[in-house]
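Scroll down for the structure; my scribbles are underneath it.
Just so it is clear, none of the values below were taken in a lab; they were calculated from the coordinates. Predicted model, so just to flag it, every value in this text is computed and none were measured. Cβ coordinates were reconstructed from backbone atoms using ideal geometry, including for glycine residues, and neighbour counts include every protein chain displayed.
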Amino acid sequence: MTKTKPPARPDATKRHGAAAIGGRLRRLSERIDEDCARIYAYHGIVFEQRWLGVMSQLGGHGAQSVGALAASLGISHASVSETRKSLERAGLIVSKPDMHDGRISILRLSASGRRLFARITRILESLRAVSAEINADAGGALDALDRLDATLNSRSLYDRFKALQLRSQSCEIRGGAIRGQSSG
């Protein structure tokens, strides 16, 4: 049975324009994650989409540290650690201290993690095809995301905000007034 969509309402997020990029990306991510959960459930698989990156890295490249996973996925160490805890609770990965540095944990798929990864790999092939269709229908959204990622890598939102604040303060000082104070 196909889920019916509620009637369209005005998009409150859009009124914020470019300032809502993060919110809109979270909303899209949530929709994609929900649909993926439905796809996995359809196949009788209990799987959280947030596990995919870590499981794919471990399933495709073998045991790795949290730091190596974070670097290869381009996400924070804290995010990988949170996913690790969830995967360990689900019995899908195991960890052991690194032989050379006991502070570092090496993660690998457990036997049930390997079985699950094999099952979802077949589903991922279909998801890739559907995702390519969505990307084409959206006019090459992945290219836009790549450009956004590169732009933020070259200069963060925070750095841009701070520079704007400094420029704004500089203009106020040169204009002879600082927030309500008159010169002279």
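Key figures
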| read-out | value |
| --- | --- |
| Simple spin-label estimate for Ile45 and Thr121 in nanometres, 7 Å along Cα-Cβ | 1.1 |
| J(HN,Hα) series, the stretch 15-22, from Karplus relation 6.51 cos²θ - 1.76 cosθ + 1.60, nearest Hz, glycine and proline x | 5, 8, x, 4, 5, 9, 3, x |
| Angle between the chain longest axis and helix 52-61 axis [Cα atoms, degrees, rounded to 10] | 60 |
| Among 97-109, 59-71, the order from most to least packed when residues are scored by Cβ within 10 Å on average | 59-71, 97-109 |
| Fully extended contour minus Cα-Cα distance, from Lys96 to Ala12, at 0.36 nm per residue | 25.5 nm |
| Rounded tilt (10° steps) of 141-154 against the dominant C-alpha axis of the chain | 60 |
| Alpha-carbon gyration tensor eigenvalues x 5, square-rooted, for the stretch 31-130, Å | 25, 14, 12 |
| Relative contact order, percent, the chain [alpha-carbon distance under 8 Å, six or more residues apart] | 12 |
| Stretch gain in nm, segment Ser79-Ile21, where the contour uses 0.36 nm per residue and the Cα spacing is subtracted | 18.8 nm |
| Matching label, volume of the Cα convex hull per residue in Å³ computed from the structure shown, candidates [x] 193; [y] 84; [z] 211 | [z] |
| HN-Hα J in Hz across the stretch 64-71 - Karplus 6.51, -1.76, 1.60, θ = phi - 60°, x for Gly and Pro | 8, 7, 4, x, 5, 5, 4, 5 |
| Distance (nanometres) between label positions extended 7 Å along Cα→Cβ at Glu133 and Ala150 | 3.0 |
